[in-house]
Amino acid sequence: MTILEANHICRRYRRRGVQVDALTDVSLRLEQGEILGVVGESGSGKSTLLRLISGLEAPDEGTLSLEGKELGAKRTKADYRAIQMIFQDAVGSFHPRRKIADSIREAVRNLSDAREEPDWQTLCAMVQLPLELAERYPRDLSGGQCQRFAIARAMAVHPRILLCDEITSALDVSSQAQILRLLSALHRDKGMSVIFVSHDLAVVRALCDRVMVLYGGRCVEEGPAAEVIQHPREAYTKKLISSVLEVHA
Amino acid sequence: MSDSSPILTVSNLSAGYGAGRMLADVSFALRRGEILCLVGESGCGKSTLLRAVMGTVPGLEILSGAIELGGQNLLALPRRERERICVNTFGLVSQSPGASFNPIRSYRAQFIEALRSHGKYDRAAFDGLVSAAFAKLGLADWQRILASCPYEMSGGMNQRIALALVLLLEQDILLADEPTSALDATIQLQVAQELARLRDVSGMAQIIVTHNLALAQLLADHIGVMYAGRLVEMGTSAQVLGDPRHAYTRALIAAIPSLRGDMPTGLAGAPPLGGPDACGCEFAPRCPLRAAACAKKAYALIDTGGGHMVACDGGAA
C-alpha cells in the first residue's frame, strides 16, 4: 500500500533576484513499511524535498498525498503527527536551556488536543536509553544520545512516516551504527515507513530498501538499493559510489 | 617519504581542564613527511590531544610529560616563547570549514594578514607564491578565488583554500581536526586527496584527527586509536587496520558501513565523559572480552612486534 505520494513537485527560491530551482518535477511513492533512501550532494534538493513533505514549506507546483488524501497548504494537527522529521543537528534540535523531557513533552502537547503525557517507559526503551537521561540538558548528552532522543520525540506522537535529514552525518561511526540499528528495529518491529536522506551511499545501502538519486534538484536514478549500487546507470551515481571510503583489510 | 629522526616527540603527556584529567600517558613520535591519524569516538580525547600539542588553548593545562620539537622541550620554555614557536610550526585546519576565515573579508586580505603576522609577507612575491601554492594543490583560478569572500564558497572549497594558506605559511606540521567530517562524501574524498598532495609537495608532517577509519587508511602512515584519553593501539596503518589487536579497534572497524550492505555493528554504550582513571581499563564496561582482572589492570602500551603497540589484546598474545 502506498502511504505517501509526491507528484511532479517543484520548488523555486529567489536568491538575490535570481531564480533557483531547488526541486524540479520530482515524483515519488513510499510504500507502507518501506525505507526509501535519498542521496545526492549538498544543493541537490534532498533537504528541500523533506521540507516539502513535512509541511515546513509548500511546493510551488505538484501535489503531495498521504494515504490517498491530498495534503493541502494548510495541514491539520493529525497531518503533522503523521509525518515527523528528524534533523542533522541533534543537540541543536533541542532547546538548550530545557531538559530533554520538557522539550519532548512540549512537542507532544503542541500536536495534541488534550494535555497528553508521553509514555516515557516505552519511549526510552524504544531508543535504548535510561529514563534518567531525559532529565538532563542537551549539553550534558553526547550527539548520539541526543539523536536517539530526537527519534523518541518523533515517535512520541505515533507517526506514520519518519523523515530523516542527514541524521547520522554529524556522528562518529559508532554512534552512527547505533542509530542505523535503531531505525532498522523501528522499521522491523513497528513497520515504520522512513525517508532517509544522506550523502553517504554506504549508509543508505545498509538501511534502505530503495534509493533515489537527486542531482541539481531532479531525480536522475531510482531503484532497489542493491541494484542501483551494483549496477549504476548514471555517471553521477557512479561518482557517488566511487567516493565512498571503505576499510580494506 | 619520511626521514628517520622525529621532528615532534610527545612523551607521557597528561593534560586536563582544571582538576579533570582528560589525557594521560600519551607518547608518540612524528617524522617529516609522515601522516599520523588519531581515531576514536567523539569524546575520546583526540581533539584535546591536538590542542595540547598546539599549546595555545586557554584552560587546557599540561599536567606532566614532554613535547619536544626538534629536540627542544616546549613545556620547559616561557609561555610566550612557546607560543611563538608553535604558531610558526603548526598549521591548523578545523572541522568547520567556515572557522578558518572571516566570512566577509576577501581571501586576499586574510592571506596577507596571515603572512604578515608570521613575518612572511613579501608584496612583490605574493602573487607568484599564491599562484604556485594553488597550482600545487590543483586549485584553478587563484585570482578569482583571492578576490572572493569565504561566504561565497562551499565548505569543501573553503577547506581546500585553508590548506593552500597552510602551504604558503611553510609550517612544518599540520594539525587537522576532523577536516572532512562536515563535507559531502564526494568532497571528502577530494579534500583527503589534497591533504596527501600537501604532504607530497611540501613534506609537511600531519596529525589528522578523524573518527573515519577509512579516511585514516587512505592517508595515514601511522594510526593511533584513542579511548578515554589514552592511546589503546598504535602502529602502521597496515598493522592497525590489517591486524587490529584491541577490541575497541575491532569494534570501530565493524561500525563502518560498506557498500556490500551489511548492517554495521554498533558498539553499545558511550565512552566515559570523564578522563582516564588511575587504574583499571576504561573500556572494560563495553568490552566483549572483559575479565575480572580488567578492573585493576594498570595501563601500559606493549609492543607486540614491529612497533605495533597495544594496551590490551584480550589475552590473545
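The values are calculated or read from the model by the stated rules, or taken from the named source; none is laboratory data. Everything numeric here is computed off the predicted structure, so don't read it as measured data. Counting neighbours? That spans all protein chains shown, and the Cβs are built from the backbone with ideal geometry, glycine included. The area values use the complete protein model at the heavy-atom level, side chains included, leaving out ligands, DNA and RNA. Shrake-Rupley method; radii C 1.70, N 1.55, O 1.52, S 1.80 Å.
Taking region B:272-281, which residues are among the small types (Gly, Ala, Ser) and either modelled with pLDDT of 90 or more or open to solvent by less than 50 Å² (accessible area, probe 1.4 Å) (or both)? Even if it seems obvious, please write down each step before you answer.
If we filter region B:272-281 for residues that are among the small types (Gly, Ala, Ser), which is where we start, we get B:274-275, B:278, B:280.
Result: B:274, B:275, B:280.
Hey, does region A:230-247 have a residue that's open to solvent by less than 30 Å² (accessible area, probe 1.4 Å), within 27 Å of residue A:154 (Cα to Cα), at the interface with chain B (Cβ under 8 Å from one of its Cβ atoms) and in contact with a strand residue (DSSP E or B) (Cβ under 8 Å, 6 or more places away or on another chain)?
no
Could you check region A:59-173 for strands (runs of 3 or more DSSP E) lying wholly inside it with 1 or more residues that are on the phi > 0 side of the Ramachandran plot? Steps first, answer last, please.
Working: elements: A:61-66, A:83-86, A:161-165.
Result: A:61-66.
For region B:297-316, which positions are in contact (Cβ under 8 Å) with a residue 24 or more places away in the chain and in a loop (DSSP other than H, G, I, E, B)?
Of the residues in region B:297-316, the ones in contact (Cβ under 8 Å) with a residue 24 or more places away in the chain are B:299, B:301, B:304, B:306-316.
Across region B:297-316, the qualifying residues are B:299, B:301, B:304, B:306, B:307, B:308, B:311, B:312, B:313, B:314, B:315, B:316.
Give region B:179-209 a look and list any residue that's modelled with pLDDT of 90 or more, in contact with a Pro (Cβ under 8 Å, 6 or more places away or on another chain) and β-branched (Val, Ile, Thr), or say none.
Across region B:179-209, the qualifying residue is only B:208.
Looking at region B:230-245, is at least one residue surrounded by fewer than 22 Cβ atoms within 10 Å (Cβ to Cβ), touching a residue at least 60 places away in the same chain (Cβ under 8 Å) and in a strand (DSSP E or B)?
yes
Any idea which residue in region B:282-296 is surrounded by the most Cβ atoms within 10 Å (Cβ to Cβ), counting only those that are in contact with a helix residue (DSSP H, G or I) (Cβ under 8 Å, 6 or more places away or on another chain) and part of a loop (DSSP other than H, G, I, E, B)?
Ranking the candidates gives B:283 first.
Only residues that are over 23 Å from residue A:194 (Cβ atoms), in contact with a Phe, Trp or Tyr (Cβ under 9 Å, 6 or more places away or on another chain) and surrounded by fewer than 21 Cβ atoms within 10 Å (Cβ to Cβ): list them for region A:103-153, please.
Once the filter is applied, which keeps residues that are over 23 Å from residue A:194 (Cβ atoms), in contact with a Phe, Trp or Tyr (Cβ under 9 Å, 6 or more places away or on another chain) and surrounded by fewer than 21 Cβ atoms within 10 Å (Cβ to Cβ), region A:103-153 yields A:131, A:133, A:137.
So which strands (runs of 3 or more DSSP E) stay within region A:1-47 end to end and still have 1 or more residues that are farther than 23 Å from residue A:203 by Cα and in contact (Cβ under 8 Å) with a residue 12 or more places away in the chain? Write out each step before concluding.
Values: elements: A:2-15, A:18-31, A:35-39.
Answer list for region A:1-47: A:2-15, A:18-31.
So, of the residues in region A:165-175 that are in contact with a helix residue (DSSP H, G or I) (Cβ under 7 Å, 6 or more places away or on another chain) and open to solvent by less than 30 Å² (accessible area, probe 1.4 Å), which turns out to be nearest to residue A:69 (Cα to Cα)?
Here is the first cut: in region A:165-175, the ones in contact with a helix residue (DSSP H, G or I) (Cβ under 7 Å, 6 or more places away or on another chain) are A:165, A:167-168, A:170-171, A:173-175.
Narrowing the set further to residues that are open to solvent by less than 30 Å² (accessible area, probe 1.4 Å) leaves A:165, A:167-168, A:171, A:173-175.
On the way: A:165: 24, A:167: 28, A:168: 31, A:171: 36, A:173: 39, A:174: 40, A:175: 37 Å.
By that ranking, first place goes to A:165.
Assigned to a helix (DSSP H, G or I) and either more than 7 Å from chain A (Cβ to nearest Cβ) or in contact with a Cys (Cβ under 9 Å, 6 or more places away or on another chain) (or both) - does that describe any residue in region B:252-272? Break it down stepwise before answering.
Of all residues in region B:252-272, those assigned to a helix (DSSP H, G or I) come to B:252-254.
Applying the additional criterion that residues be either more than 7 Å from chain A (Cβ to nearest Cβ) or in contact with a Cys (Cβ under 9 Å, 6 or more places away or on another chain) (or both) yields B:254.
Among the residues of region B:252-272, at least one is assigned to a helix (DSSP H, G or I) and either more than 7 Å from chain A (Cβ to nearest Cβ) or in contact with a Cys (Cβ under 9 Å, 6 or more places away or on another chain) (or both), which makes the answer yes.
Being aliphatic (A, V, I, L, M), open to solvent by 30 Å² or more (accessible area, probe 1.4 Å) and without any contact (Cβ under 8 Å) to a residue 40 or more places away in the chain is the filter; apply it to region B:158-190 and report the residue that is nearest to the other protein chains (Cβ to nearest Cβ). Working first, answer last.
Narrowing region B:158-190 to residues aliphatic (A, V, I, L, M): B:161-169, B:173-176, B:182-183, B:185, B:187, B:189.
Imposing the further condition that a residue be open to solvent by 30 Å² or more (accessible area, probe 1.4 Å) reduces the set to B:182, B:187, B:189.
Narrowing further to those that are without any contact (Cβ under 8 Å) to a residue 40 or more places away in the chain: B:187, B:189.
Values: B:187: 7, B:189: 4 Å.
It comes out as B:189.
Taking region A:181-218, which residues are within 13 Å of another protein chain (Cβ to nearest Cβ), closer than 16 Å to residue A:41 by Cβ and open to solvent by 40 Å² or more (accessible area, probe 1.4 Å)?
Of everything in region A:181-218, those that are within 13 Å of another protein chain (Cβ to nearest Cβ), closer than 16 Å to residue A:41 by Cβ and open to solvent by 40 Å² or more (accessible area, probe 1.4 Å) turn out to be A:200, A:215.
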